[in-house]
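The values are calculated or read from the model by the stated rules, or taken from the named source; none is laboratory data. Here the structure is a predicted model, which means the values were calculated and not measured. Backbone-built Cβ (ideal geometry, glycine too); neighbour counts: all protein chains shown.
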Amino acid sequence: MKKKILIAILVILVFAGGYFGYTRYYQKNLVDQKQSIDENNTMEVTTGSMKKSIPVSGNIYPIEEQALSFSTPGTVSSVNIEEGETISQGDILIELKNNKTKLELIRAKNNYQNVQINGSKNAIEEAKLNYEIAQENFQETQLKAPYSGVVTELLVQEGDYINSGQKVATLIDNTNYEVKANIDESELANLKVGQDVEISMEALPGLQLTGQLTEISSKAESTSGVVTVPITVLIDSVNNSFKPGLSADMEIITEFVNDKIIIPVTAIVNREGKKMVQKVVDQETELVEVETGLTNGLKIVVQSGLEAGEKIVVNSAGKGNTNNVQRGSNNFSGPPMGGN
């Protein structure tokens, strides 16, 4: 039994050693052998742009949102708005029954006007204060829009009795929206306020938006052992179809290069610790060393060693339509592959 096990182990070692030796030999000689040079396995080096980004999802909310209420109790006498209606700053939205306060206002106004004719200085001052108080009391029975926007919630109707401070409506400023999201703590070191952000929304397919990272929370949150950091992104432009709470997918751009030599990563070969590219010269290939930079896993920036207009050999696995880029932490735009 032991003898059979020993034989089996020896056979495995022989096969493993043979495979290892063949692999090293094949990799070493892959670069040495001459490559067939045609439009199917070469490309002309061109310049392009590349970006590296962090994907994160969140929800959109208006920057300004306010719950509206009265500072005095009373019975609703009129509702001048509807849910979803756009209103202007200063519009009277809801009114309470105010016959008593209106009467007090009229009396205070008349008294103030009369006392100004023959009244003493103190009498005039007293009448003025009473008039101002009556104005304030009357104004408290009228709910006015603090700013222009859209009524997203209406909670009362004519005849309802409300208490002081009770929420009666919600008003948003629909001219400015932001995205609230939570990003994994592992990405925190890559974030900076001011970074550009690309935004898309499932509810509005085809709409491409931009924004800027405006806030990184100073406090992390933990949910079921997952630690995240809240962030805020200001959207540059607003669409009329925006609704508070709609989901948004974002790409936070952490690195970006423009007008740089960009080639497929499959064109790079490692030789004795150096990065090399097979450049086409006089219908033959020669190895040239290159210095590389930003990569997205599919393509890589060449800092030096190649010039625009030169031709290189590309691995067949690196050819294809590079415009169809999957979503992920690395996105890019760059020169097309294959051919001239």
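Of note:
- Taken together, LYS52, LYS102, LYS121 contain a single residue that is closer than 30 Å to TYR177 by Cβ and either of a type outside the set (Phe, Trp, Tyr) or in contact with a strand residue (DSSP E or B) (Cβ under 6 Å, 6 or more places away or on another chain) (or both), which is LYS52.
- Matching residues, the range 281-306, being surrounded by 18 or more Cβ atoms within 10 Å (Cβ to Cβ), of a type in the set (A, V, I, L, M) and part of a strand (DSSP E or B): LEU294, ILE300, VAL301, VAL302
- Filter result for THR232 (touching a helix residue (DSSP H, G or I) at 6+ places or on another chain (Cβ under 9 Å) and either assigned to a strand (DSSP E or B) or at pLDDT 85 or above (or both)): no
- Within the range 240-277, the residues that satisfy the criterion of being touching a Gly at 6+ places or on another chain (Cβ under 6 Å) and in a strand (DSSP E or B) are ALA248, ILE262, PRO264.
- So ILE172, is it closer than 30 Å to ILE253 by Cα and touching a residue at least 24 places away in the same chain (Cβ under 8 Å): yes
- Restricted to the range 41-59, and to residues there that are among the β-branched types (Val, Ile, Thr) and out of contact with any Lys or Arg (no Cβ under 8 Å at 6 or more places or on another chain), the residue that is surrounded by the fewest Cβ atoms within 10 Å (Cβ to Cβ) is THR46.
- Residues being in contact with a Lys or Arg (Cβ under 8 Å, 6 or more places away or on another chain) and of a type in the set (Ser, Thr, Tyr) - total across the range 107-150: 3
- Hits in the range 135-166 (condition: under 14 Å from LEU96 (Cα atoms) and either polar (S, T, N, Q) or assigned to a strand (DSSP E or B) (or both)): ASN137, GLN139, THR141, GLN142, LEU143, LYS144, GLN157, TYR161, ILE162, ASN163, SER164, GLN166
- Flag for ALA108 being modelled with pLDDT of 90 or more, over 30 Å from PHE242 (Cβ atoms), crowded, with 16+ Cβ neighbours inside 10 Å and not assigned by TED's automatic domain parsing to the domain that holds LEU213: yes
- Pick from the range 151-208, criterion exposed (fewer than 14 other Cβ atoms within 10 Å of the Cβ) and of a type in the set (Asp, Glu), ranking: nearest to VAL257 (Cα to Cα): ASP184
- When LEU191, LEU213 are checked against the criterion of being touching a strand residue (DSSP E or B) at 6+ places or on another chain (Cβ under 7 Å) and touching a residue at least 60 places away in the same chain (Cβ under 8 Å), a single residue qualifies: LEU191.
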